[in-house]
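Each value in this text was obtained by applying a stated rule to the coordinates, not by laboratory testing. What you are looking at is a predicted structure, and each value in this text was computed from that prediction instead of being measured. Neighbour counts are summed over all protein chains in view; Cβ atoms, including those assigned to glycine, are modelled from backbone coordinates with ideal geometry.
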Amino acid sequence: MRIDIITLFPDYFTAALKSSIIGRAQTKGVTDYEVHQLRDFALDRGTVDDTPYGGGPGMVLKVDVMDRAIKNISRLTEQKPYVILLTPQGQQLNQAICRELCRQQRLVIICGHYEGFDERIRAYADLEISIGPYVLTGGEPAALVLVDSVVRLLPGVTGDPQSSEEESHSLIDETGQSLLEYPQYTRPEEFDGRRVPDILLSGHHGAIKKWRLEQAKARTQKRLL
């Protein structure tokens, strides 16, 4: 998968894209990341924003600059990109969306900034994404969340494919409800008076599987529903 990121702050991504699982994905050749400075596509000495028509505070990202950025970046490979606009008004990111996106061969992610962006920029996006009901200073943190949540699902990225199938929001009950992950334990068996549940020490895999599902349902009911 190739991922292109359009941003006003390329340095924000320098260390993150080389770190942890998303960094190893590139080392393995599973992903390729390219970060693009939006100002490089401006004709007027790097001007990428302007005051909003009708008045109001802040500055708005210009549609003509974004048009040049998306068209030029799209031509870098033969593969047509799937364009994602990061915005508080977008569809809230969830595991189902991540699983759909990991099937794409190429993503272009647009990081908003300042007061917002010209409404006409929405026409270039295949999908608008928000990572939660709150506002950030820019789309850069959201872009890293999106990249991490999608890349970790790609084949060959994590050591054990089952690890992404039994975690929070990937577990599914018989009704189709996504569940939070069940409690996990490791050595020592007892610490500070708190013991590992006996069922996990029993060796009865069927009973353990049933217990984990019950725990996942209970945790989901308590924390999400």
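Can you give the % of DSSP beta bridges in the chain that are antiparallel, to the nearest 5?
25 percent
Hey, rough spin-label estimate for residue 92 and residue 120, points 7 angstrom out along Cα→Cβ, what's it come to in nanometres?
About 3.3 nm separates the two model spin labels.
Determine the dipole magnitude for the chain: charges of +1 sit on the beta-carbon of Lys and Arg, -1 on that of Asp and Glu, nothing else is charged, the reference point is the Cα centre, and the result goes in debye to the nearest 20.
Rounded to the nearest 20 debye, it is 440 debye.
Need the full-extension length gain, residue 177 to residue 32, defined as separation in residues times 0.36 nm minus the C-alpha distance. One decimal, nm.
Length gained, residue 177 through residue 32: 48.8 nm.
For residue 185 and residue 20, compute 0.36 nm times the residue count separating them, minus their Cα-Cα distance, and round to one decimal in nm.
Answer, rounded to one decimal: 57.1 nm.
Using a 10 Å cut-off on Cβ atoms, rank the peptides 132-142, 43-53 from the highest mean neighbour count down.
132-142, 43-53
Give the label of the value calculated from the structure for Cα Rg over 2.2 N^0.38 Å, choosing from (1) 1.17; (2) 1.07; (3) 1.25.
So the calculated entry is the one marked (3).
Label points 7 Å out from Cα along the Cβ direction at residue 100 and residue 207: separation in nm?
4.3 nm
With the dipole of the chain worked out from charges on the C-beta (+1 for Lys and Arg, -1 for Asp and Glu) around the Cα centre, which of 72, 129, 200 lies farthest toward the positive end?
200
Expressed as an acute angle from 0 to 90° and rounded to the nearest 10, what is the orientation of the C-alpha long axis of helix 63-74 relative to the principal long axis of the chain?
Once rounded, the angle reads 60 degrees.
Just to be sure I understand the model, the point goes 7 Å from the Cα along the line to the Cβ. What's the resulting residue 43 to residue 224 distance in nm?
It is 4.9 nm.
Helix 205-223 versus the longest principal axis of the chain: what angle, 0 to 90°, nearest 10, using Cα atoms?
50 degrees
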